[in-house]
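Visitor: I'd like to ask some things about the structure below.
Just so you know, all these numbers are worked out from the coordinates, no wet-lab data involved. Keep in mind the model is a prediction, meaning the values are calculated, not measured. So basically every Cβ, Gly included, is an ideal-geometry build from the backbone, and we count neighbours across all protein chains shown.
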Amino acid sequence: MDAEPVLLIIEDDEAFARTLGRSFERRGYRVHIAGNQDEAAALLQVHTPGYAVVDLKLKGGSSGLACVQMLHQHDAAMLIVVLTGFASINTAVEAIKLGACQYLAKPSNTDDIEAAFGHVAGGAEVEMTGRATSIKTLEWERIHAVLAETDFNISETARRLGMHRRTLARKLEKQRVK
């Protein structure tokens with residue numbers, strides 16, 4: 001095995017991918033970046049990463065879940081962390097079933113991702129939150145999920161959600177409630 005760990009980043013946001021890559025390089029990783037599943041498959045022909053960071057929503061209809069499945073089939077021992085700005089229980093469960101070791105909501109930094117690589121085994125000592133998710137948070141998450149499905153088309157999102165386009169625009173101007 002190489003002295004320096006090899007990391008594959010599959011992320012369509014080039015600026016974020018470069019920043020994340022540089023951060024991992026400073027920590028001693030050899031980093032390769034792919035913008036989609038095809039680029040990742042080409043890199044796997046040449047390199048053997050032990051770690052991967054995969055964005056869940058990729059441009060061009062490519063799914064991060066398909067990338068997770070491909071990576072796991074290539075090397076079942078690879079530690080795969082899924083990053084997403086559109087976290088949901090369904091996608092988290094599917095990512096883990098397909099071979100991801102962890103699932104993180106954005107924004108996540110290098111420390112979070114590296115900790116996720118180190119925390120592969122589950123633990124029963126995870127603290128449960130005492131607060132239920134608010135209606136406003138659920139609404140915000142649903143709006144953004146539909147936005148992503150429609151490639152951020154406001155009119156189509158409003159139609160699918162059954163609300164007026166201007167109402168949706170006003171809701172999007174508000175900050176997310178925690």
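Visitor: Rounded to the nearest 20 Debye, what is the dipole magnitude of segment 6-118 about its Cα centre when Lys and Arg each give +1 and Asp and Glu each give -1 at the C-beta?
Guide: Working: 9 positive and 13 negative charges, 25 e Å.
Computed charge dipole of segment 6-118: roughly 120 debye.
Visitor: Using the Cα atoms as the points, what is the convex hull volume per residue of segment 6-94 in Å³?
Guide: Taking the convex hull of the Cα positions in segment 6-94, it is 91 Å³ per residue.
Visitor: Could you tell me the extents of the chain's C-alpha atoms along the three principal axes, largest first, rounded to whole Å?
Guide: The Cα atoms of the chain stretch 56, 39, 29 Å along their principal axes.
Visitor: Longer than 20 Å from Cα to Cα, which of K136/K171; K97/K136; K59/K171 are they? Say none if no pair is.
Guide: The answer is K97/K136; K59/K171.
Visitor: Still on this model: Which order do peptides 75-82, 37-44 fall in by mean Cβ count within 10 Å, highest first?
Guide: Packing proxy ranking, top to bottom: 75-82, 37-44.
Visitor: Sort E114, E14 by Cβ crowding within 10 Å, fewest neighbours at the top. Before the final figure, lay out each step's value.
Guide: On the way: E114 17, E14 10.
By the 10 Å Cβ count, ascending, the order reads E14, E114.
Visitor: Mind checking the full-extension length gain between D111 and A169? Use 0.36 nm per residue of separation minus the Cα-Cα distance, one decimal, nm.
Guide: Separation in residues times 0.36 nm, less the Cα-Cα distance, equals 17.4 nm.
Visitor: Can you give me the C-alpha center-to-center distance between segment 1-67 and segment 151-172, rounded to a whole angstrom?
Guide: About 33 Å separates the Cα centre of segment 1-67 from the one of segment 151-172.
Visitor: Something else now. Out of all DSSP beta bridges in the chain, what portion is antiparallel? Express it as a percent rounded to 5. Don't jump to the answer; show the numbers that get you there.
Guide: Numbers: 1 of 19 bridges.
Bridges in the chain are about 5 percent antiparallel.
Visitor: For the chain, what does -39500 (n - 2.57) per DSSP helix run (n ≥ 4), summed and divided by total residues, give at 222 nm, in deg cm²/dmol to the nearest 500?
Guide: Taking each H run of at least 4 residues, the total per residue is -14500 deg cm²/dmol.
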